[in-house]
Structure formats: C-alpha cells, structure tokens
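S.K.: Below is a structure I'd like to ask you about.
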Ligand code: SAH
Ligand code: SF4
C-alpha cells in the first residue's frame, strides 16, 4: 500500500514537471513515506526524518514532506515540534490531499494527466489500489486506526486505472487492499471486479494482495478454475496456527477453516502456491500455541512466509508483549527454519513442470505461482513465455524457454 501511495505521490510531482531521483544532493524535495505497522518500522522512518536536518541546512530552499501511517499516528503537531525543518505533514488518512500540500509548496499542477509512476517494479507489473483502509480491527493491528475504515473504489475507476497502466506497458496487474477480496461496490462483488479487470485488453496476468480468509465468496473458486490469467498464487495471511490465538486476534477463522479454504481453492486450481504472514509471540502465546503455528506451515504447504515478532501497537496493558525476547527470537528462528524447509519442498515439486513466465529481464522472471525463475537464454523483458523447469537453487527455479 505504501509503495502504491508513493507512486501516486511521484505522479503528483510529475504533474509539476518534477522527476524522481534517489540522489539527495540533486533533490528539490524529499518525501518520507512512513510505516508504523511495527514499532521498528516507525523508528526507522522517524530516524530517517531526523537525518534530513543536515540536508535542509545545506538546501534551505528544499522541501521536506513526511507522509503516511507514522505521520498519521504521531500527528503534525508533534512532528513539526520535534523536527522544525519539516515543511508538510500528511497522514495516511489524508493522503488523497497530498496534492494540496504539494500545491502549497510548489504551486498548481501544469497538467491534469495521471502520469503514473512505476517506482518499485519492472514496467511489466503495475499496482492498482482498489480499496483504502480496513474495517477488520484485528486486535494487534494499527492499520484501521491510521488508515481509517474500509472504503472501496468504484469499479469504473479501477478499470480505467488498469487500462491506463496497460497502455503504459504493464502486462500484469496487482489489485491492492488490506482485505482486498472484501471489495464490493453497488451490485458488483470481488469476483465480478476481477472479471471486469480481466476484460481490459492487454491484461495477461492478474494478482491481488492481500485477501483475507473470511471474504472469499462461492463464485471465486469457479472463476479461479475457469480463468488461467488469474495467478496461481495467493498471499493469504494466516497470522497463527492456534485457534486460541486466532480468536484473541479476532481474525474470524479457525485453523481448520483456513485449511479447508486452501483445499477448496487448490481443488479449483491444482498446484496453487500459497504464501502467508505469521506473527510470533502474541501476548499469552504458549509453546503449544506456537507448535500449532509451526505445524500449519507443513500442512498448508506454504511457498513462502513473512514472519514477524509481535510488536505492541497500543498502550493497553493486556496488549503488552509478555514473552522474553529470547523466547520470541527462538520461536522466530524455529519458524523461519520450518518455512525454509517446506518452501524448498514446494519449490522442488515444480521441477519438470512447464510454467508460464513473465520476464522482467532477459534472464529472470516470475511464474504464475510467483516463483522466481532464471533462464540462460531466450527471455526478453516484458515477454510471457513457456519455460520447462529444470532445477532449483535456493529460492529460484532454473529453466529453459520452450520454443512455441
Ligand atoms: N491486511 C493484511 C495485513 C496487513 S499488515 C491482513 O489482514 O492479512 C501486514 C502484516 O504485518 C500482517 O499480516 C501481520 O503479519 C503483520 N503485523 C501487523 N501488525 C503487527 C504487529 N502489531 N506486530 C507484528 N506484526 C504485525
Ligand atoms: Fe490489520 Fe489486516 Fe486485520 Fe485489517 S485485516 S486489521 S489490515 S491485519
């Protein structure tokens, strides 16, 4: 989400004739787009702001914008007091008003053209935001507080955005939202939206991130089975494998329901790769709870997992971290080892198969299941080619392009 917001911000600058640079000494403005999902992310963002003091002394005419979730949480008053050299603070809830902050500093836009910026990926992939905020209120999560309740963009706007991205070279669209599959607008539900985006000429692969296990409707599995351009990969955050912890987290599903959903989706799309997020050391997590999480990795056959140590996001005493850091670290490293073991098995299963690869460079691309794949020859940036998988090392498949 932050990357997508940064791209919108870069587009707002582009409408005023500015280009993106990562060289501070050339910059007219610096935007720090902050995260606060864990304390460490917030600390990193804030120390980044602190380091800009020197830049501002050397470039007194330069403008500093602090935006995003940590800006929302900490507030303009606090940030401007602590860092008087900051020119504008725009919180995540008001990110649509970034244009106003920019107009205050640099004047009105020269054009109303969208001027999409693809800052974080190769040009064949574009992110399209379909919802903002979240109404789920998982116990550990600060997102609903800093991004506000869920709001869904109208299908027409989403389709227009996707079409514009394809026109500027994208072949793969990634729809974004915190509970992306909860999207609905008027009479159209998520599966209906997927169909509309797939109908945009030139969309060759469609992904979305992150779905929530609660929100898949009956019609999704049918669409997945019928539509090969829907990626054979889901990033479906589980958070924990313990029913007791899932309940305390207010996730809304049990471990059994999660596994049943995977079974159903894999029946619709054999070989569907599933990756996930886990939080270790949630308050009160016992060794038995943790073992349920550990066991889920193999049962769900995850292709990849982001594993995070619990980070308290509120001052409420019952949400404080109550495990010694050594225990957290030990559980985290056991979980990472299990994820590594299982992901290797999942990767090895691909050997011998034929995959469709969307190339990012001449020798590197991603399969529909989101596995990295390398070839020696025959690839080209932006091309979608059939590749026979010949082997795997570390996290990457190796293969040979099949001549059609
Ligand atoms: N909307 C997505 C997740 C968004 S936050 C979902 O519901 O799945 C991204 C990830 O950060 C989460 O999946 C979770 O694993 C992690 N996370 C969120 N809050 C956290 C916290 N307080 N401590 C540690 N990890 C956290
Ligand atoms: Fe946070 Fe995701 Fe839960 Fe929303 S659904 S509260 S973003 S973890």
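Just so you know, all these numbers are worked out from the coordinates, no wet-lab data involved. For clarity, every value in this text was computed on a predicted model and none was experimentally measured. Virtual Cβ from ideal backbone geometry, glycine too; neighbours counted across all protein chains shown.
S.K.: Say each of residue 163 and residue 51 gets a label point 7 Å from the Cα, pointing the same way as Cα to Cβ; how far apart are those two points in nm?
M.R.: So the label points at residue 163 and residue 51 sit 4.3 nm apart.
S.K.: Let me make sure I get this right: for segment 115-172, a, b and c are the square roots of the gyration tensor eigenvalues over alpha carbons, sorted descending. Under 1.5 in a/c it's rounded, otherwise prolate if a/b > b/c, else oblate. Which is it?
M.R.: The shape class here is prolate.
S.K.: What nm value, rounded to one decimal, do you get for the distance between residue 384 and residue 87 when each label is placed 7 Å out toward the C-beta?
M.R.: Rounded to a tenth, the inter-label distance reads 4.2 nm.
S.K.: Pulled fully out, how much extra length does the chain show between residue 100 and residue 349, if you take 0.36 nm times their separation in residues and subtract their Cα-Cα distance?
M.R.: Full-extension gain reported as 84.5 nm.
S.K.: Right, here's the next one. Can you compute the modelled spin-label distance between residue 120 and residue 318, with each label point 7 Å from Cα toward Cβ, in nm?
M.R.: Between residue 120 and residue 318, the simple spin-label model gives 3.4 nm.
S.K.: In a Gaussian network model over the chain where Cα atoms closer than 10 Å are linked, find which of 189, 68, 17 has the largest mean-square fluctuation.
M.R.: 17
S.K.: Given the Cα-Cα distance of residue 341 and residue 43 and 0.36 nm per residue of separation, how much length would full extension add, in nm?
M.R.: Here the segment from residue 341 to residue 43 would lengthen by 104.1 nm.
S.K.: While we're on this one: Of 122, 303, 368, which is the most mobile in a GNM of the chain whose springs link Cα atoms less than 10 angstrom apart?
M.R.: 122
S.K.: Follow-up. Based on the Kirkwood radius over alpha-carbon pairs, what is the Stokes-Einstein translational diffusion coefficient of segment 354-401 at 4 °C with 1.567 mPa s viscosity, in µm²/s?
M.R.: 131
S.K.: For the chain, what D do you get in µm² per second when you plug the Kirkwood radius from alpha-carbon pairs into Stokes-Einstein at 4 °C and 1.567 mPa s? Could the numbers behind the result be given before it?
M.R.: Working: Rh = 22.9 Å.
Roughly 57 µm²/s, to the nearest whole number.
S.K.: Need the C-alpha centroid separation for segment 282-309 versus segment 133-205, integer Å.
M.R.: 29
S.K.: Determine the shape class of segment 85-209: with a ≥ b ≥ c the square roots of the Cα gyration tensor eigenvalues, call it rounded for a/c under 1.5, and otherwise prolate if a/b is greater than b/c, oblate otherwise.
M.R.: It comes out oblate by the Cα gyration axes.
S.K.: How would you classify segment 279-342 from its alpha-carbon gyration tensor, with a ≥ b ≥ c the square roots of the eigenvalues: rounded for a/c under 1.5, else prolate if a/b is greater than b/c, otherwise oblate?
M.R.: Numbers: a/c = 2.19, a/b = 2.08, b/c = 1.05.
Prolate.
S.K.: Considering the chain as a Gaussian network with a 10 Å cut-off on Cα pairs, which listed residue, 254, 286, 21, attains the greatest mean-square fluctuation?
M.R.: Result for the chain, Cα springs under 10 Å: 21 fluctuates most.
S.K.: P(r) of segment 216-323 in 10 Å steps, Cα pairs, percent per bin?
M.R.: All Cα pairs, binned at 10 Å, distribute as 14, 43, 28, 13, 3 percent.
S.K.: Compute the distance from the alpha-carbon center of segment 15-43 to that of segment 344-404, in whole Å.
M.R.: Each part's Cα centre sits 34 Å from the other's.
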